[in-house]
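Worksheet for the structure shown next.
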Amino acid sequence: MSIDHGFRCSRCGGHHDELPLSYHMPAPAFWSPEMAEATDSALSSEQCVIEREHFFVHGLIEIPVIDTAETFSWGVWVSLSRDNFERMGRLWETPGRESEPPYFGWLSSELPIYEPSTLNLKTNLHTRPVGLRPAVELEPTGHPLAVEQRTGITSARVRELAELLLHPDHRESRRGPV
């Protein structure tokens, strides 16, 4: 998805063909590639288990882009208790699963542009209809990511995020919301 037909980047001076409206973390922050060989750990595009003790689900933090009709999203991982993970798994393909109450979890993705860290922010994971990733609702704190989820961001902020993520080596600082 994109807001327009690209943008001129203030960091590299080049033209990027699209302004992305979503970014996804490939795995929870606690996953490492050597775990792929372990029999007690598994990673798919939607779920992750580490050492049969830590359970994660891929969900979306959705942020309204207030000067457009678009929504920006972070594809993140949320840790769940074993019981909640197993319940969610049993209902994964069940129509009507969206009527489940939200599951409490901890944000398990480090979004590099936010300070302080996004790791371990409190969340509620809302199941949606079959085929849709769960929605991640952050606890309404003063953390910059939680504030953005509540108040929305502008298309200029979407562009700023794209520039920071496309060119992380050009980042001047990680202080405050960038």
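The values are calculated or read from the model by the stated rules, or taken from the named source; none is laboratory data. Being a predicted model, the structure only gives us computed values, none of them experimental. Here Cβ is always computed from backbone atoms with ideal geometry, including for glycine, and neighbour counts include all displayed protein chains. The accessibility values were calculated without ligands, DNA or RNA, using every heavy atom of the protein model including side chains. Shrake-Rupley method; radii C 1.70, N 1.55, O 1.52, S 1.80 Å.
What the table below lists for this structure:
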read-out	value
Exclusive hit being of a type in the set (A, V, I, L, M, F, W, C) and under 12 Å from the mean Cα position of the chain (by Cα), set Leu111, Leu91	Leu111
Residue match in the stretch 138-155 (condition: modelled with pLDDT of 95 or more, surrounded by 14 or more Cβ atoms within 10 Å (Cβ to Cβ) and among the hydroxyl-bearing types (Ser, Thr, Tyr))	no
Residue among Ala42, Ala29 that is of a type outside the set (Lys, Arg) and in contact (Cβ under 8 Å) with a residue 60 or more places away in the chain	Ala29
Subset of the stretch 59-99 [open to solvent by 30 Å² or more (accessible area, probe 1.4 Å), more than 15 Å from Leu125 (Cβ to Cβ), in contact (Cβ under 8 Å) with a residue 24 or more places away in the chain and not acidic (Asp, Glu)]	Pro64, Ile66, Thr68, Thr71, Thr94, Pro95
Selected residue [surrounded by 15 or more Cβ atoms within 10 Å (Cβ to Cβ), more than 14 Å from Tyr23 (Cβ to Cβ) and free of Cβ contacts under 8 Å to residues at least 60 places away in the same chain] from Pro116, Pro102	Pro102
Scope the stretch 95-141; condition of a type in the set (Gly, Ala, Ser) and more than 16 Å from Gln47 (Cα to Cα); matching residues	Gly96, Ser99, Ser117
The stretch 17-52, subset more than 18 Å from the chain's Cα centre (by Cα) and among the β-branched types (Val, Ile, Thr), residue most open to solvent (accessible area, probe 1.4 Å)	Thr39
